[in-house]
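The values are calculated or read from the model by the stated rules, or taken from the named source; none is laboratory data. Computed from a predicted model, the values in this text were never measured in an experiment. Neighbour counts run over all protein chains shown; Cβ positions are idealised from the backbone, glycine included. Areas reflect the complete protein model, heavy atoms only, side chains present, ligands, DNA and RNA absent. Shrake-Rupley method; radii C 1.70, N 1.55, O 1.52, S 1.80 Å.
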Amino acid sequence: GDNAYDTYLLTLSDIETGKTVETLDFSYYRYGTKYVKEDYDFISQRIIYAKAKDGVLYVATGHNTYSASCAQTAYITAIDLSDYHVIWKTEPLTCNSYSFDFVDDFIICGYGFTDEDDSLKVVDRNTGKVQSDIPVKSMPEYIIYQNGKLYVRTYDTNYVYSVAIS
């Protein structure tokens, strides 16, 4: 489409040559099957963020409106980069943050919206299951893990967590 919110094609390129390796089509993810008819124009889902680790591509997809309009949103999908098959997909309402990061065998992401519960989610990187749900003041937007600290930017608050991996 002609709008940044219409992004559902993800092009993978060779970092050295710049040549396209594969284009993944997420158009199947664009619309849930259960939604409020009057809200159809607002529930088109897009690719929000993508990041690879250890031969797996993790892709966050979702729409930018209330889950009451369509609760089939805010997923992370794990894709095997050797053959592009889907390994797992999280439950809905897991990740609509603008980024996520890895801590050991976990993905730290966020979910929230204006009048909905806002939280950080700790997702098992091998299964896609949410292991923890940590409430925060407002929707987590950006999440960065660096030097043992987890930096979380929400709409109006910055959080810094010390991370201990046992």
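Can you find, within the stretch 140-166, the residue that is farthest from Tyr111 (Cα to Cα) among those that are among the hydrophobic types (A, V, I, L, M, F, W, C) and in contact with a strand residue (DSSP E or B) (Cβ under 6 Å, 6 or more places away or on another chain)?
Initially, the stretch 140-166 is screened for residues among the hydrophobic types (A, V, I, L, M, F, W, C), giving 143-144, 150, 152, 160, 163-165.
Checking which are in contact with a strand residue (DSSP E or B) (Cβ under 6 Å, 6 or more places away or on another chain) leaves us with 143-144, 150, 152, 160, 163.
On the way: Ile143: 11, Ile144: 15, Leu150: 16, Val152: 12, Val160: 17, Val163: 20 Å.
Only one residue fits best here, namely Val163.
Does any residue of the stretch 130-141 turn out to be more than 25 Å from Phe42 (Cβ to Cβ), in a loop (DSSP other than H, G, I, E, B), open to solvent by less than 40 Å² (accessible area, probe 1.4 Å) and hydroxyl-bearing (Ser, Thr, Tyr)?
no
Need a quick list: strands (runs of 3 or more DSSP E) entirely within the stretch 38-113 having at least 1 residues that are more than 10 Å from the chain's Cα centre (by Cα) and of a type outside the set (A, V, I, L, M). Walk me through how you get there before you give the answer.
Values: elements: 46-53, 56-62, 75-80, 86-89, 101-103, 106-111.
Passing ranges, in order: 46-53, 75-80, 86-89, 101-103, 106-111.
If the Cβ limit is 6 Å and pairs must be 6+ apart or interchain, which residue in the stretch 66-91 that is of a type in the set (Lys, Arg) pairs with which residue that is assigned to a strand (DSSP E or B)?
Taking only residues 6 or more apart or on different chains, the pairs are Lys89/Tyr75; Lys89/Thr77.
Conditions (1) farther than 21 Å from Arg46 by Cα; (2) open to solvent by 60 Å² or more (accessible area, probe 1.4 Å), marked per residue:
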residue	(1), (2)
His63	no, no
Ser69	no, no
Asp80	no, no
Trp88	no, no
Glu91	no, yes
Ser99	no, no
Asp118	no, no
Thr157	yes, no
